[in-house]
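Comments concern the structure below.
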Amino acid sequence: MNADRELDTRGLNCPLPILKAKKALSEMTSGQTIKVIATDAGSVRDFVAFAKQTGNELLEQTTEGKDYIHVLKRR
């Protein structure tokens, strides 16, 4: 999936991937998408909760090797 923006948070642990994604989303316009790459296994459930709490849409979550890929759409 092609995203409007990509954020590499590999090597960062909770809550840093969420905080960096939140900052990036605040700089984007409604409808834009962001791809977040993380290595923290906890990011899978964290991004589900983040999307529910903020109203941003979690479009996709996949795992590629040691990377967890999250694609969100700005509300």
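Taken together, the values in this text are just the output of simple stated rules run on the coordinates, not laboratory data. Predicted, not measured: the structure shown is a model, and the values here were computed from it. Neighbour counts run over all protein chains shown; Cβ positions are idealised from the backbone, glycine included.
Observations on the model:
- Phi-based couplings in Hz for the range 48-65 (Karplus 6.51, -1.76, 1.60; Gly and Pro marked x): 5, 5, 4, 4, 5, 6, 9, x, 6, 8, 8, 7, 7, 9, 9, 10, 10, x
- Full-stretch length increase - L16, T63 - with 0.36 nm per residue and alpha-carbon distance subtracted: 15.0 nm
- The gain in end-to-end length when the V44 to Q32 segment is fully stretched comes to 2.3 nm, 0.36 nm per residue minus the alpha carbon separation.
- Taking 0.36 nm per residue of separation and subtracting the Cα-Cα distance, full extension of the segment from K23 to R5 would add 5.2 nm.
- Expected 222 nm ellipticity per residue - DSSP helices of 4 or more, -39500 (n - 2.57), all of the chain, to 500: -9500 deg cm²/dmol
- Dipole magnitude of the chain, debye to nearest 20 (Cβ charges: Lys/Arg +1, Asp/Glu -1, about Cα centre): 260
- The DSSP beta bridges internal to the chain are antiparallel in roughly 75% of cases.
- Relative contact order [Cα under 8 Å, 6+ residues apart], the range 5-73, whole percent: 35
- Estimated vicinal HN-Hα couplings, Hz - the range 24-30 in sequence order (Karplus 6.51, -1.76, 1.60; Gly, Pro = x): 5, 4, 5, 8, 9, 9, 4
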